[in-house]
Every structure is written in C-alpha cells, then in structure tokens.
Amino acid sequence: MKKFRGVFLKNDKEIGLMREANRIVSRILDELSEAVRPGIPTMALEDICRARCEEFGVRPAFLGYQGFPYALCCSVNEEIVHGFPSKDRILEEGDIVSVDMGVVYQGFYGDSARTFAVGNISEEAKKLMDVTRESLYKGIEQAVPGNNLYDISAAIQSYVEGFGFGIVRRFVGHGIGSHLHEKPEIPNFVPKGMSGVPLKAGMVLAIEPMVTVGTHEVEVLEDKWTAVTKDRKLSAHFEHTVAVTSDGPRILSLSD
C-alpha cells in the first residue's frame with residue numbers, strides 16, 4: 001500500500017473491500033434507525049448490532065478496541081461520543097441518540113454514525129440534527145484531489161458556525177483502512193498555524209462532525225469513555241467513510 005505524507009493510499013481492490021465493510025455498517029444502521037423508539041433500552045440497539053454482525057460474518061470494530069466494552073457507541077442527548085449502551089438507559093420521547101459503529105471485513109474497516117430522533121423532538125433538536133448532517137455533506141464535497149485536508153474542515157466549520165452552533169474540538173475524524181484510525185486526523189475546524197495535507201486519490205477518510213447547541217467544551221464521565229458537553233446541552237454526530245477519487249468523493253458507507 002502506497003503512502004503519501006504518512007497517509008495510506010488505497011487501490012481499487014482495497015477500496016472495494018472497504019465499500020463492502022461500510023455497506024454492512026450502513027445496513028445495520030438502517031435497522032437500528034427502525035428500532036429507535038420511546039421505551040426501549042439502549043442495550044437493545046447493541047443486541048441488534050451484535051446479531052447482525054454475526055449474520056454478516058464480520059467482526060464489530062469497536063468491541064475491545066483500546067478496551068471499549070461494546071460493539072456500539074450509543075450517546076444520548078448531551079452525550080457526544082463513546083456512550084455505553086445500557087439496560088437501564090431507556091429512550092424517552094424527545095431524546096436524540098447518536099449511534100456510531102464499525103465492522104471489520106476481510107481485514108478492512110467500515111465506520112459510520114448517525115443521530116436519530118426518539119419520537120417527536122424539539123425544533124432546536126431538529127435544527128441541530130439537520131445542520132450537523134448537512135455540514136457532513138459540505139465537508140464531503142471538498143474531498144477531491146488537489147484540495148487541502150483543511151478545505152473539508154473549513155466547509156464544516158463555516159456551515160455549523162453560521163447557525164450559531166458549536167463544534168467539538170477534542171474529537172476529530174480520521175483516515176481509515178486496514179486500521180480503524182489512520183492518518184490524517186480530520187478536524188471539523190481549521191487549526192491555527194497548521195498547513196494540512198494535500199488530498200490525493202486513494203485516500204479514505206472518516207469525516208465526522210460533532211456539533212453542539214452550546215459550548216464545544218467536553219467532559220469525560222467516570223466510565224472514562226462517555227464524552228458529554230460541559231454545559232450538558234444537546235450534541236449530534238454524523239459520519240461517513242469517503243474515498244477520495246479522481247472522479248470526486250465517493251461515499252462508501254451507503255446501503256445498496
């Protein structure tokens with residue numbers, strides 16, 4: 001596998017394997033979206049995820065990764081990322097729940113995240129979800145050869161901040177391939193004093209804006225995983241795995 005500035009460049013075969021890994025992730029997320037409703041414990045989503053991974057013959061990417069104890073990151077309301085599924089956390093009308101998951105297929109990773117509404121939600125929550133989702137696509141549009149990595153960051157940042165929302169800085173997107181986290185890091189804001197990396201065909205990027213109603217500042221709970229907004233206001237998270245190609249960005253984490 002070739003490298004450019006420390007970033008692995010994938011060939012067509014490798015991107016094809018990653019497309020299948022991400023297709024599986026997307027199909028599982030489709031099923032989870034249908035399962036989300038008031039009254040269910042978040043552990044029910046974990047159970048579905050594990051069962052479908054077994055059916056598809058893939059390994060859950062997050063389970064055991066750096067000690068993470070679940071296949072699914074399940075983050076409710078003010079939880080940003082890395083929330084634990086729980087038998088005791090019952091989804092309630094008006095909640096929003098961010099679900100992040102990955103799989104390993106023939107040695108290559110898929111990774112994607114979505115935020116779901118639980119029943120009827122507030123207008124503020126709807127706006128947050130819409131802006132976060134749309135900012136992801138604004139970033140993806142910039143994932144073309146010849147652009148700079150931070151063109152992705154700038155597109156996300158300008159869109160999100162235009163609506164008065166905050167952008168989490170502690171957690172960022174990443175390269176992905178035969179490892180879950182590869183170079184480069186992909187911030188959802190433009191870091192000061194850094195030059196970024198020119199984008200090349202063959203790069204595969206997990207782009208994942210994490211957006212807040214209030215402050216971008218984060219706290220990590222006593223479980224040492226669950227990250228929440230410091231002001232406990234709502235957060236949303238969307239993620240796609242995207243291949244940079246000579247024909248433009250190709251979203252790999254889509255269902256059939």
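The values are calculated or read from the model by the stated rules, or taken from the named source; none is laboratory data. The model shown is predicted, which means the values in this text are computed figures rather than measured ones. We place every Cβ from the backbone using ideal geometry, glycine too, and count neighbours over all the protein chains shown. Please note that ligands, DNA and RNA were not included when accessible areas were found on the heavy atoms of the full protein model with its side chains. Shrake-Rupley method; radii C 1.70, N 1.55, O 1.52, S 1.80 Å.
Here are the numbers for the structure shown:
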{"item": "Residue that is within 22 Å of residue 6 (Cβ to Cβ) and surrounded by fewer than 20 Cβ atoms within 10 Å (Cβ to Cβ), where the choices are 141, 123, 134, 185", "result": "185"}
{"item": "Pair list, Cβ < 6 Å and 6+ apart or interchain, from the range 147-171 residues that are over 15 Å from residue 191 (Cβ atoms) to residues that are open to solvent by less than 10 Å² (accessible area, probe 1.4 Å) and not in a helix (DSSP H, G or I)", "result": "147/199; 160/167; 160/211; 165/211; 166/212"}
{"item": "Scope the range 184-217; condition in a loop (DSSP other than H, G, I, E, B) and β-branched (Val, Ile, Thr); matching residues", "result": "190, 197, 213, 215"}
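One line per residue, one yes/no per condition, for (1) closer than 29 Å to residue 124 by Cβ; (2) surrounded by 20 or more Cβ atoms within 10 Å (Cβ to Cβ); (3) more than 17 Å from the chain's Cα centre (by Cα):
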position	(1), (2), (3)
148	no, no, yes
165	yes, yes, yes
178	no, no, yes
190	yes, no, yes
204	no, yes, no
214	yes, no, yes
220	yes, no, yes
225	yes, no, no
232	yes, no, yes
